[in-house]
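I have placed the structure first, in the form of structure tokens, so that the comments after it can refer back to it.
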Amino acid sequence: MWLSSSEPTSPSVEHRPSVENPSGRHGAWSRIRRGSAMAVAATLLIGTAACSSSGSSANGSQSTGASTLSVVASINQWGSLAKELGGRYVSVTSVMTNTSVEAHDYEPTTQNIAAFSTAKVTVVNGADYDPWAVKAASSSASTLVNAAESGDVAEGGNPHVWFSSKVRKATADAITAAYEKNDPDHSTQYRELNDQWKDKEKSLEASITAARAKTSGARYAATESVAWYLADDLGMTDATPKGYSQAVANEGEPSASDVVAFTKALASGDISLLILNTQETNSVTSTISAAATTSKVPIVKLTEQMPAKYATLNEWMEALVGQFSQTA
């Protein structure tokens with residue numbers, strides 16, 4: 001099922017929501033918030049569809065010109081992958097890059113939508129994580145790559161799919177196919193870049209295999225299900241109290257009894273580590289992290305958007321695998 005050290009292959013992971021964490025926080029995104037973001041995206045798209053592709057990108061940088069393929073990604077982890085797979089033949093703009101902003105609360109700007117409307121290739125996360133981007137990209141003439149759909153993760157599933165080995169590879173192939181469709185003159189180069197990326201992914205898979213010697217069977221708890229796919233690839237077990245997980249997954253506030261159950265679980269000695277999403281912190285997560293510290297349960301801190309100190313998605317995943325291996 002898992003990789004051998006002599007011939008790394010993709011982990012055979014069933015990408016399903018766990019029983020304790022059925023959909024992840026974003027699977028039950030507020031209908032009002034989602035509808036508002038989509039309406040804004042649709043309205044802005046109408047007003048910006050006529051923008052020239054030679055204008056400024058969504059992050060304020062100038063386009064490099066007609067010689068490169070214009071690409072827009074909703075989040076920076078997919079943007080970094082798009083850049084690796086396109087090299088000097090593409091100009092990539094990532095809309096969301098700030099690790100201090102709650103990703104699911106993001107509201108698109110006029111520039112964001114303008115970028116989607118003029119791009120040749122757009123890359124979105126899907127699975128209800130960035131519905132505003134899916135709406136904007138689907139309304140444009142670009143070739144759309146939906147990472148979740150590429151990896152067979154349906155709407156309502158855990159949306160943090162960049163942590164999944166299966167989804168990363170499926171998305172990489174989908175991006176390369178989109179490049180070849182829009183720029184067939186460089187098909188050979190795009191395939192070469194895809195092969196180079198796959199070599200890096202095989203190295204990451206080998207690291208996951210090595211780390212599983214320490215992490216397999218380890219029980220963890222999480223303030224959110226953000227790293228569920230990576231933990232699953234590492235053979236770990238989600239031991240987050242069910243009541244807390246369900247409340248967070250449904251965009252609700254965990255009850256006092258849910259928080260007490262969580263702190264008791266941390267004190268029981270049955271949990272090897274706590275995963276803390278630092279982009280989604282509040283008084284509840286502060287109470288839980290303090291309880292973990294008191295109970296001497298190690299804390300793995302991570303974000304949803306890729307931190308600026310990492311150049312690529314694989315580099316970020318390698319660092320997290322090492323962090324889990326050292327902590328579990």
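The values are calculated or read from the model by the stated rules, or taken from the named source; none is laboratory data. Nothing here was measured: the structure is a model prediction, and the numbers come from that model. Virtual Cβ from ideal backbone geometry, glycine too; neighbours counted across all protein chains shown.
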Within the range 42-64, identify whether any single residue is over 18 Å from Met306 (Cβ atoms) and at pLDDT 95 or above, and answer yes or no. no
Being outside any helix (DSSP H, G or I) and surrounded by fewer than 16 Cβ atoms within 10 Å (Cβ to Cβ) is the filter here; which residues of the range 203-233 pass it? Ser216, Gly217, Arg219
Take Gly156 and decide whether it is in contact with an Asp or Glu (Cβ under 8 Å, 6 or more places away or on another chain) and either without any contact (Cβ under 8 Å) to a residue 60 or more places away in the chain or not assigned by TED's automatic domain parsing to the domain that holds Ile271 (or both). yes
Only one of these conditions is not met by Ser187: (1) in a helix (DSSP H, G or I); (2) in contact with an Asp or Glu (Cβ under 7 Å, 6 or more places away or on another chain); (3) in contact (Cβ under 8 Å) with a residue 40 or more places away in the chain. Which number is it? (3)
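Of the residues in the range 270-292, how many are in a helix (DSSP H, G or I) and touching a Leu at 6+ places or on another chain (Cβ under 9 Å)?
Step one: of the range 270-292, the residues in a helix (DSSP H, G or I) are 283-292.
From what is left, the residues that are touching a Leu at 6+ places or on another chain (Cβ under 9 Å) are 285, 288-289, 291-292.
Looking only at that region, the number is 5.
What's the total number of residues in the range 234-254 that are assigned to a loop (DSSP other than H, G, I, E, B) and more than 21 Å from the chain's Cα centre (by Cα)?
So in the range 234-254, the residues assigned to a loop (DSSP other than H, G, I, E, B) come out as 234-236, 239-241, 250-254.
Narrowing further to those that are more than 21 Å from the chain's Cα centre (by Cα): 239, 241, 252-254.
Total satisfying the criteria: 5.
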Flagged in the range 234-256 as of a type outside the set (A, V, I, L, M), surrounded by fewer than 24 Cβ atoms within 10 Å (Cβ to Cβ) and more than 18 Å from Glu304 (Cβ to Cβ), in numbering order, are Gly235, Thr237, Pro241, Lys242, Gly243, Gln246, Asn250, Gly252, Glu253, Pro254, Ser255
Considering each of Lys264, Lys296 in turn, give the residue that is over 27 Å from Gly79 (Cβ atoms), charged (D, E, K, R), out of contact with any Pro (no Cβ under 8 Å at 6 or more places or on another chain) and assigned to a helix (DSSP H, G or I). Lys264
